[in-house]
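Working notes, structure below.
The values are calculated or read from the model by the stated rules, or taken from the named source; none is laboratory data. Model, not experiment: these values are computed from the prediction. Positions of Cβ are generated from backbone atoms using ideal geometry, with glycine treated the same way; all protein chains shown enter the neighbour counts. Each accessible area value is taken on the protein alone, full model and side chains, heavy atoms only, with ligands, DNA and RNA left out. Shrake-Rupley method; radii C 1.70, N 1.55, O 1.52, S 1.80 Å.
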Amino acid sequence: MIRLQQVILARGTKPLFDGVDVTLNPGDKIGLIGSNGAGKSSLFAMLRGELHPDQGSIEFPAKWQLAHVAQETPPLERSAIDYAIDGDTTLRALEAQLAALEAQPESAENGIAIGEMYGALADADAYTVRSRGEQLLLGLGFTIEQMEQSVASFSGGWRMRLNLAQALMCKSDLLLLDEPTNHLDLDAIIWLEDWLKRYAGTLIIISHDRDFLDGVVNVVVHIDERKLKRYSGNYSAFERQRAAQLILAQGTIEKQNRKRAHLQSFISRFAAKASKAKQAQSRIKALARMEELAPLRAAAEFSFEFREPLSAPNPMLVMEDVDCGYRIESATDHSFSEKKIVGDVKFSLQIGQRIGLLGVNGAGKSTLIKTLVGELAPLAGDMQIGKGLSVGYFAQHQVEMLRHDESPLWHLAHIAPNVREQELRNFLGGFNFPGTMVTSSIAPFSGGEKARLALAMIVWQRPNLLLLDEPTNHLDLETREALTDALAQFEGTLVVVSHDRHLLRATTDQFIIVADGKLQPFDGDLDDYKDWLFKNKLAKENPPALPPKSQAKQDALPLAKAIPVEPQIDEKERKRREAEQRQKSAAERKPIEARIKRLEEQMAKLNAKKQELSNKLADPDIYSDANKENLKNLLLDQAYLVKELEQTEADWLEQQEFLEAVS
């Protein structure tokens with residue numbers, strides 16, 4: 001087990017941990033959470049032995065093999081598959097010993113040693129190692145052809161996937177993963193989640209993806225107020241327990257404050273009276289003895305909202321037989337060749353649509369988004385843009401597009417040059433850029449702060465169409481939740497590519513999928529997509545093998561222990577499960593209620609416009625010959641409004657049925 005005892009740690013003048021005591025059991029899958037700068041990475045560094053506590057101790061078995069994801073990847077000429085297999089350090093050490101023995105002169109002793117070494121290699125699964133490495137790399141999005149390419153040929157994000165593969169290849173007892181999903185897309189995350197569920201060792205993971213944490217961890221360790229507190233269950237269970245603690249702590253503090261006020265009142269009234277002096281003195285002592293309760297503080301919530309779009313063209317855009325891809329210029333004769341990624345796209349975007357775009361890595365999701373936003377011209381076909389279309393575009397690498405030598409205020413003033421500085425300052429303050437931060441260079445800002453600035457710039461422009469390509473990269477849990485809430489209330493049209501399943505579930509109504517070079521509707525939810533992914537992309541892969549030590553332990557279990565027995569549920573357990581079900585229902589209701597509210601607001605606006613048109617049509621002058629054109633336009637507008645109102649009411653009824661189903 002891992003035991004931290006009275007650990008104290010400071011980095012410079014900043015105290016991180018103060019008297020930390022926590023115990024983690026073998027086989028636990030632990031989610032380590034806390035605000036940015038709370039000390040999560042420092043705790044990992046202490047576990048790796050790269051950092052030592054100022055006081056106290058950290059203990060875990062010396063024989064444990066520890067694995068973690070390297071943050072740097074040298075530009076090696078070594079192939080991707082060999083680099084991944086290097087993670088199995090035990091195997092590589094045996095191979096090195098064998099090579100040294102085979103290089104020595106032949107002798108009887110040497111021959112015996114070589115024979116023993118081949119036996120050790122067999123025990124270390126040397127003859128299946130390439131197959132295991134290929135399974136890992138396939139799951140993380142590599143093709144068979146890419147596995148033979150050199151490490152140096154891959155971009156930074158793909159090299160991080162190689163480092164992750166290396167960590168997973170290691171037959172470890174303790175696995176430390178720091179934001180492993182940051183460089184992965186949805187299909188790779190789903191695969192990794194499945195792999196980690198099978199991992200037999202102790203896992204500690206830092207992640208801002210709540211669905212990923214819910215699917216993997218069974219323990220949460222929360223860093224708060226320089227302490228570590230252990231909670232049983234996944235992230236959703238932690239949220240429920242934490243909320244209950246906050247309510248209980250607030251009640252305790254209020255009770256103490258009432259008692260303080262009562263004691264103080266008695267002292268004030270009777271301290272000067274001789275007959276009550278003794279009682280007054282005892283209450284003064286009781287008041288002095290009362291321990292000041294420190295309130296449990298929830299993380300400061302960050303929230304924002306998208307402003308109402310200024311216009312709403314319908315349809316917003318229409319694509320007819322469009323081919324999406326790239327024009328590549330030849331380095332020799334400067335001629336152009338075309339590389340089609342997604343072909344024959346027939347697609348239109350209507351007001352209020354909320355679409356999640358699915359597809360495996362490399363299928364063409366980003367290419368399609370870039371074509372929609374106009375960054376890439378269609379290779380063929382016709383794309384019509386609605387009059388008044390205003391696009392808010394968040395690209396995968398949006399943060400890198402910012403001017404790092406300039407301030408948040410400069411960035412906003414650049415797109416709003418005629419707006420008063422104080423108004424821009426007030427707006428940025430709502431995105432947590434207060435005081436001097438608003439005029440400081442963004443170079444030292446965290447990735448999350450830069451992403452927040454990029455979001456602020458989009459919100460300012462009041463788009464009626466949002467195209468978001470992995471908007472949650474770099475965002476912490478609180479900012480992700482704020483973005484999810486804001487998107488759920490957004491009144492325009494939304495197309496989003498995201499590996500954050502919580503965001504997709506809460507903000508989208510339908511899915512479309514890019515697969516086999518085509519764009520088509522996906523009839524199902526994210527659970528159906530997971531099934532589709534394993535049947536199609538990962539159909540040929542076997543489940544990852546457990547490490548030999550753990551497998552041996554499993555094989556040694558008595559047969560009786562291998563047969564699951566349904567436990568008897570007592571009254572307390574029944575109530576706990578009922579409470580969990582209520583919490584789950586509340587979580588499912590939240591996005592549906594947000595959609596209902598949005599539809600109700602939309603219906604109110606449509607009814608107001610309908611009434612306005614009816615008033616104009618009630619005017620006798622509109623039927624004169626001079627107003628024939630106006631009358632025609634009004635009647636067309638009325639017909640369109642009636643149709644749109646009917647559709648909105650149908651959507652509202654559908655959401656009400658969904659709400660009743662989960663209530």
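Checking A80, A10, A70, A45 one by one, the residue that is closer than 30 Å to S150 by Cα, in contact (Cβ under 8 Å) with a residue 40 or more places away in the chain and in contact with a Leu (Cβ under 9 Å, 6 or more places away or on another chain) is A80 and no other.
With respect to the stated conditions, L192 is open to solvent by less than 10 Å² (accessible area, probe 1.4 Å) and either of a type in the set (G, A, S) or in a helix (DSSP H, G or I) (or both). In region 436-446, the qualifying residues are those that are touching a residue at least 12 places away in the same chain (Cβ under 8 Å) and open to solvent by 30 Å² or more (accessible area, probe 1.4 Å), and the one that is nearest to the chain's Cα centre (by Cα) is S446.
The set of residues in region 437-486 being of a type in the set (G, A, S) and outside any helix (DSSP H, G or I) consists of S440, S441, A443, S446. Among residues that are open to solvent by less than 40 Å² (accessible area, probe 1.4 Å) and within 28 Å of I8 (Cα to Cα), G215 is not included.
Picking from L136, L91, which residue would you name as being aliphatic (A, V, I, L, M), open to solvent by less than 60 Å² (accessible area, probe 1.4 Å), under 22 Å from E179 (Cβ atoms) and in contact with a helix residue (DSSP H, G or I) (Cβ under 8 Å, 6 or more places away or on another chain)? Spell out how you get there, then give the answer.
On the way: L91 fails: under 22 Å from E179 (Cβ atoms).
Of the residues listed, the single one that is aliphatic (A, V, I, L, M), open to solvent by less than 60 Å² (accessible area, probe 1.4 Å), under 22 Å from E179 (Cβ atoms) and in contact with a helix residue (DSSP H, G or I) (Cβ under 8 Å, 6 or more places away or on another chain) is L136.
How many residues does region 617-663 contain that are under 29 Å from P313 (Cβ atoms) and not in a helix (DSSP H, G or I)? Within region 617-663, residues that are under 29 Å from P313 (Cβ atoms) and not in a helix (DSSP H, G or I) number 2.
Conditions tested, residue by residue: (1) at pLDDT below 90; (2) among the aliphatic types (A, V, I, L, M).
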residue	(1), (2)
Y127	yes, no
S150	no, no
L203	no, yes
D211	no, no
N218	no, no
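Within region 325-345, does at least one residue satisfy the condition of being modelled with pLDDT of 90 or more and under 30 Å from L636 (Cα atoms)? Checked against the condition, which is being modelled with pLDDT of 90 or more and under 30 Å from L636 (Cα atoms), region 325-345 yields at least one hit. List the residue pairs whose Cβ atoms are under 6 Å apart, where the first residue sits in region 471-491 and is under 13 Å from A456 (Cβ atoms), the second is charged (D, E, K, R) and open to solvent by 10 Å² or more (accessible area, probe 1.4 Å), and the two are 6 or more positions apart or on different chains. Here the result reads A486/E305, each pair linking region 471-491 to a residue that is charged (D, E, K, R) and open to solvent by 10 Å² or more (accessible area, probe 1.4 Å).
Only one entry in P53, P75 is of a type outside the set (D, E, K, R), modelled with pLDDT of 90 or more and at negative phi, namely P53. The residues listed here are G49, G12, G31; of these, the one that is open to solvent by less than 80 Å² (accessible area, probe 1.4 Å) and closer than 17 Å to V221 by Cβ is G31.
Keeping to region 370-385, report how many residues are not small (G, A, S) and not in a loop (DSSP other than H, G, I, E, B). Talk me through it step by step, then tell me what you get.
Just the residues of region 370-385 that are not small (G, A, S), to begin with: 370-373, 375-376, 378-379, 382-385.
Still in the running and not in a loop (DSSP other than H, G, I, E, B): 370-373, 382-385.
Looking only at that region, the number is 8.
If you go through region 614-651 and pick out every residue that is open to solvent by less than 70 Å² (accessible area, probe 1.4 Å), at pLDDT 75 or above and within 29 Å of I596 (Cβ to Cβ), you end up with 9.
In region 596-612, the residues that are closer than 25 Å to T507 by Cβ reach residues that are among the aliphatic types (A, V, I, L, M) with C-beta atoms within less than 7 angstrom, at least six apart or across chains, in these pairs: I596/L659; M603/L645; L606/L641; L606/L645. Being open to solvent by 30 Å² or more (accessible area, probe 1.4 Å) and modelled with pLDDT under 90 holds for only one residue in H404, H414, H474, and it is H474.
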